[in-house]
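The values are calculated or read from the model by the stated rules, or taken from the named source; none is laboratory data. Remember, predicted model here, so these are calculated numbers, not experimental data. Because the Cβ atoms are built from the backbone with ideal geometry, glycine has one as well, and the counts that use them run over all protein chains shown. Surface accessibility is based on the protein's heavy atoms, side chains included, excluding ligands, DNA and RNA. Shrake-Rupley method; radii C 1.70, N 1.55, O 1.52, S 1.80 Å.
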Amino acid sequence: QVQLVESGGGLVQPGGSLRLSCAASGNIASVSTMGWYRQTPGNQRELVATIARGGDTNHATSVKGRFTISRENAKNTVYLQMNSLKPEDTAVYYCNADVAGPSDLLYTNFWGQGTQVTVSS
């Protein structure tokens with residue numbers, strides 16, 4: 001089985017920074033696209049940023065210039081550097097990844113358990 005384990009969330013003041021990490025572990029042959037999504041109570045989960053295995057990135061308009069997604073393929077890990085945080089960035093942040101197992105090399109989509117980010121003074 002595959003697990004995505006997030007870390008790095010917490011409470012930060014407006015204008016501050018946080019770095020989220022997410023490591024994929026388990027029965028893995030390859031990890032394709034990885035990404036971060038966020039969700040607030042009563043709202044749908046929304047895309048924050050994605051990164052392809054080769055490094056191509058896509059960032060939501062609301063976070064462009066403030067957040068940066070990156071990854072370390074050797075560690076099956078994705079990061080989200082969040083700068084100039086605003087109260088409206090407060091949400092549960094979820095890691096997402098397309099993972100192929102060694103037995104069939106078919107990609108399956110997995111989610112992490114989520115990590116809370118709170119931006120408040």
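Those residues that are out of contact with any Lys or Arg (no Cβ under 7 Å at 6 or more places or on another chain), exposed (fewer than 13 other Cβ atoms within 10 Å of the Cβ) and over 14 Å from Q116 (Cβ atoms), I need them from segment 38-63; list them, please. Residues satisfying the conditions are G42, N43, Q44, G54, G55, D56, T61. Does G35 satisfy being outside any strand (DSSP E or B) and either free of Cβ contacts under 8 Å to residues at least 40 places away in the same chain or open to solvent by less than 70 Å² (accessible area, probe 1.4 Å) (or both)? No, not satisfied.
Residues in segment 1-15 that are over 13 Å from W111 (Cβ atoms) and surrounded by 14 or more Cβ atoms within 10 Å (Cβ to Cβ): G8, G9, V12. Restricting segment 72-101 to residues that are within 23 Å of V12 (Cβ to Cβ) and charged (D, E, K, R) leaves a set whose member that is most open to solvent (accessible area, probe 1.4 Å) is E88.
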